[in-house]
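The values are calculated or read from the model by the stated rules, or taken from the named source; none is laboratory data. These numbers were taken from a predicted model, which means no experiment stands behind them. Cβ atoms come from the backbone with ideal geometry, glycine included; neighbour counts cover every protein chain shown.
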Amino acid sequence: MKINYTLKKVALGIGISFVSLFTFAAGNHAFAMSSMKPAFDISNYQGFLSDNEAQGLKNETSFDILNAQQGTYRNYAFSNNSAELNKYNIPFGIYSFATYNSVAQAQNEAQSLYNQDPNAKFYVNDVENNATGTYYPPSAATIAWAQTMHSLTNRPVILYSDQSYMTNAISADARNAYDTLWLAAYPYNGTPDPNSEPDPSYHYDLWQYSNSYPSVSLGQEVDASVIPDQGKPLSYWTGNSSDDNQSTQITQPSNTNNSGSTSQNNSDNSDNNQQTNQNNQSNNNQAEQNAKNQAAINKAKQVAKQHQEWLKQQAKKKAKAKAIAKQKAIEEASKKAARKAAAQRRYIHAHYYSSNKIKKFRVTAKNGINVYYHGKKVNHFKRGVVVKVSSFNWYRNMTKATNSYGATFTSNKKCVKAIWR
């Protein structure tokens, strides 16, 4: 798979721009620059998009790809950024940074991503290694992610990774479960040229060729992607068939042949003017670069400040949720204790006497009952004997009757019968 590009080199002269056309070739193929504008990967590193930035992206990009979540954890800037792009009718897809390690987790992440925006133009599973180089999810889980998303939408379901990981860590079955692939591979000079375009054994339809594209709208460097030659048309990504009018074109060279001869004076003036223009251009370029650098610094500070504020808000929410959960646990424990106490009282009332109106018992137990004083047996009442009752003492699961001398005996309704008169 190869992509066409044209490079233009402009030299300043006596009011004339000399354009030199360079056409690259590989084998029998020629290459020319596609007229497609790049697609930007916009994540939490770009922070909250402003209204002006979104307006700028309208003219700078063909479409964009928004990070919506990591695992099932929502990107704090996603709601704002998706609303800004929708405001200016900028088509975009959304992606999830994978953290799953099982089929169930992958299915949950896919469902979560779809819920973030059911109207996205396409959905991407971003499967790549972590900072420690130890993330290798099961192939079945990556397949399950695609199957789950396909069950939710008819829009394109995409798998993203860098070329090395896509080739060596992701199985062919997993790659084939997706509608197509989005491949990251960065040339050394950061510029997409045909000699550095990836050419793996599998097909892909979107190439992320730079992780340092200088965005004018955002004032910072971003990840940028283009559609390769023989890739799916632009409408596949934007959902608008009219976008396919941005077909691949060859830039026509300007006529650089000078007819006739010029005088020596004109030649000298040309040299002087060219040197002056070059100096002015150099100064302008330096000033522009300084402005861009400062804008990038300011943007980075703004993003960092926004992120810190967001972290504080999340910490407050977590603390509040923890306090509420703790209070609910205390209330539930109190209710549980009350229910248990009520059940104990019902049990005691059903099996033991406890009313202070009872002053006498008749012993009904076949073998009689024992009488205790300070834990020691001091007497025994036979069946049929009437004993006086002064009060009742409550224990964990029973009551005991007490006589006027402080001795205790059972008040179990199977052993004694109350004499109410």
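At-a-glance table
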read-out: Residue match in region 403-412 (condition: of a type outside the set (Lys, Arg) and touching a residue at least 60 places away in the same chain (Cβ under 8 Å)); value: yes
read-out: Filter result for Arg339 (in contact (Cβ under 8 Å) with a residue 40 or more places away in the chain and within 57 Å of the chain's Cα centre (by Cα)); value: no
read-out: Residue count for region 375-402, restricted to those that are without any contact (Cβ under 8 Å) to a residue 12 or more places away in the chain and not small (Gly, Ala, Ser); value: 4
read-out: Condition check for Gly239: more than 25 Å from the chain's Cα centre (by Cα) and surrounded by 15 or more Cβ atoms within 10 Å (Cβ to Cβ); value: no
read-out: Test result for Pro156, over 24 Å from Tyr204 (Cα atoms) and modelled with pLDDT of 95 or more; value: no
read-out: Criterion violated by Val124 - all others in (1) part of a helix (DSSP H, G or I); (2) crowded, with 20+ Cβ neighbours inside 10 Å satisfied; value: (1)
read-out: Options Tyr95, Tyr73, Tyr100, Tyr45: the member that is in contact (Cβ under 8 Å) with a residue 24 or more places away in the chain, out of contact with any Asp or Glu (no Cβ under 6 Å at 6 or more places or on another chain) and among the aromatic types (Phe, Trp, Tyr); value: Tyr45
read-out: Considering residues of region 389-413 that are aromatic (Phe, Trp, Tyr) and part of a strand (DSSP E or B) only, the residue nearest to Val371 (Cα to Cα); value: Phe409
read-out: Unmet criterion (only one of (1) touching a residue at least 24 places away in the same chain (Cβ under 8 Å); (2) touching a strand residue (DSSP E or B) at 6+ places or on another chain (Cβ under 9 Å)) for Asn86; value: (1)
read-out: Residue count, region 66-97 (criterion: in a strand (DSSP E or B) and in contact with a Lys or Arg (Cβ under 9 Å, 6 or more places away or on another chain)); value: 4
read-out: Tally, over region 121-146, of residues that are of a type in the set (Val, Ile, Thr) and within 30 Å of Pro233 (Cβ to Cβ); value: 4
read-out: Filter result for Ala337 (modelled with pLDDT of 75 or more, part of a helix (DSSP H, G or I), among the small types (Gly, Ala, Ser) and out of contact with any helix residue (DSSP H, G or I) (no Cβ under 9 Å at 6 or more places or on another chain)); value: yes
read-out: Positions within region 154-182 being farther than 18 Å from Asn67 by Cα and either without any contact (Cβ under 8 Å) to a residue 12 or more places away in the chain or under 19 Å from the mean Cα position of the chain (by Cα) (or both), in sequence order; value: Asn154, Ser164, Asn168, Asn176
read-out: Region 82-103, subset of a type in the set (S, T, N, Q) and touching a Ser or Thr at 6+ places or on another chain (Cβ under 9 Å), residue surrounded by the fewest Cβ atoms within 10 Å (Cβ to Cβ); value: Thr99
read-out: Listing of helices (runs of 4 or more DSSP H) fully contained in region 134-226 that carry 1 or more residues being in contact with a Leu (Cβ under 7 Å, 6 or more places away or on another chain) and of a type in the set (S, T, N, Q); value: 163-168
read-out: Any chance Asp199 is at pLDDT below 95 and either under 26 Å from Tyr123 (Cβ atoms) or in the same structural domain as Ser62 (by TED's automatic domain parsing) (or both); value: yes
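Conditions tested, residue by residue: (1) at pLDDT below 80; (2) surrounded by 10 or more Cβ atoms within 10 Å (Cβ to Cβ); (3) within 27 Å of Leu49 (Cα to Cα).
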site	(1), (2), (3)
Gln281	yes, yes, no
Ala287	yes, yes, yes
Ala300	yes, yes, yes
Trp310	yes, yes, yes
Lys316	no, yes, yes
Ala333	no, yes, no
